[in-house]
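Notes to accompany the following structure.
The numbers here are math on the coordinates, done by the rules we state, and not lab data. Just so you know, these numbers come straight off a predicted model, no measurement behind them. Cβ atoms come from the backbone with ideal geometry, glycine included; neighbour counts cover every protein chain shown.
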Amino acid sequence: MAGKILHVLNAGNEIGEAPIWVPEEGRLYWVDTEGSRIFSYRPADGARESYAVTLPVTALLRRRGGGWVLVTKKGLAFWDQNSGVCGLIADPTADDDELCFNDGAVDRQGRIVAGTMNFVNHIRPDGRLYGLDGKLELAELDSGISVANGIGFSPDGRTMYVSEQFKGRILAYDYDTAVGKPSGRRIFAEVPPEEGLPDGIIVDAEGCIWNGRWGGSTIARYSPDGKLDRKYALPVETGTCLAFGGEKLDELYITTAWYGMDAAGREAQPYAGDLFVLRPGVSGVVEPRFAG
């Protein structure tokens, strides 16, 4: 299994995204952004669950006190796992018919950073980053981004990485852990067009940055100085997002998508939209929980 991407299960997600490992449950959770559904999988016995939600979910994050926060196309919301009901917290995009939230992560201190996009014209630099603190106070952190996608933090929390998807690059910021503010925006890595567009980000225990790719049939790992460290061929065109899981956090789970494929494309890639796993020989860290 080491170094080889393996098929885990048939999920059939139109756009599988935002996997997150819950150690106390031994389960991986993830979403289908086009189906308003959340899924879970327990590798120990193969148990699977599916949950309908009342908002179009794009990412899910855990809370310190238990439960979940969702990033949805309609804003940030709490999710009641039993009822499926979502309680909206905030949506600064509500007055613009072309903008929506897209992805999010929790910093090492327990704040949420979430990104937005123009879903009508992706290349327009209308994407913004927002921060939500434990008091549920929302602040704009940055703007002028052509789809603010995958977000991750270095192990010490002092560097933030963001996929600027439709510019084909990963950005890096200095991150003030005391107040939750990014600064010093710069290009961390550029993705060649033939390798697709940068999508989800996860940072491993060594501080290296893993990046999913929309198209290009690859995933990649970068060293903290922005140098390409590894590439892995994926057996489907699009590997969206990644999460470390397993008992030792040494299994890298990969969500995928079939969005935009015609019938011939789906026939040629029958596993598009399914869940995959890689043992890369490195481990992840337990992702932080939201303090609110």
Rounded, prolate or oblate: which one fits the range 69-192, using the alpha carbon gyration tensor with axes a ≥ b ≥ c (rounded when a/c is under 1.5, else prolate when a/b beats b/c, else oblate)? oblate
Project the alpha carbons of the chain onto their principal axes and report the range along each, largest first, in whole Å. 44, 44, 39
Taking placed amide H atoms and a strict 5 Å upper bound, the residues 5 or more places from Leu141 or on another chain that come that close are Leu129, Tyr130, Gly131
Rounded to the nearest 20 debye, what is the charge dipole size of the chain about its Cα centre when +1 sits on each Lys and Arg Cβ and -1 on each Asp and Glu Cβ? 540
Virtual spin-label span in nm between Asp229 and His7, 7 Å along Cα→Cβ: 3.0
Taking the Cα centre of the range 6-278 as the origin and placing charges on Cβ (Lys, Arg +1; Asp, Glu -1), which of Thr159, Asn121, Ala94 is farthest toward the positive end of the dipole? Thr159
Would you mind calculating the relative contact order of the chain from Cα pairs under 8 angstrom and at least 6 residues apart, reporting the percent as a whole number? 19
Amide hydrogen neighbours beyond the local backbone of Asn118, cut-off 5 Å, H modeled: Asp126, Gly127, Val147
The range 235-292: C-alpha gyration tensor shape, a/c 1.5 cut-off, then a/b vs b/c: oblate
Any chance you could check the Cα centroid distance between the range 99-162 and the range 251-266 for me, in angstrom? 24
If you place +1 on the Cβ of every Lys and Arg and -1 on the Cβ of every Asp and Glu, how big does the dipole about the Cα centre of the range 76-135 come out, in debye to the nearest 20? 320
Please give the net charge around Phe244, taking every other residue with its beta carbon less than 14 angstrom from that of Phe244, where Lys and Arg add +1 and Asp and Glu add -1. -2
With θ set to phi - 60° and the Karplus curve 6.51 cos²θ - 1.76 cosθ + 1.60, what are the ³J(HN,Hα) couplings of the range 192-200 in order, to the nearest whole Hz, using x for Gly and Pro? x, x, 5, 9, x, 10, x, 10, x
Could you work out how much longer the chain between Arg158 and Ala264 gets when fully extended? Use 0.36 nm per residue separation minus the Cα distance between them, nm to one decimal. 33.6 nm
Rounded if a/c under 1.5, otherwise prolate or oblate - the range 159-223, Cα gyration tensor axes: prolate
Work from the charge dipole of the chain (Cβ charges, +1 for Lys and Arg, -1 for Asp and Glu, about the Cα centre) and give the residue of Ala189, Gly144, Gly216 farthest towards its positive end. Ala189
Sort 3-13, 148-158 for me by packing, meaning the mean count of neighbouring Cβ atoms within 10 Å per residue, highest on top. 148-158, 3-13
With 27 Å as the limit, write out which pairs from Lys135/Lys167; Lys4/Lys181; Lys135/Lys248; Lys74/Lys167; Lys167/Lys227 have Cα-Cα distances beyond it, or answer none. Lys135/Lys167; Lys4/Lys181; Lys135/Lys248
Count charges around Asn121 for me, please; just the other residues with Cβ under 14 Å from its Cβ, Lys/Arg as +1, Asp/Glu as -1. -2
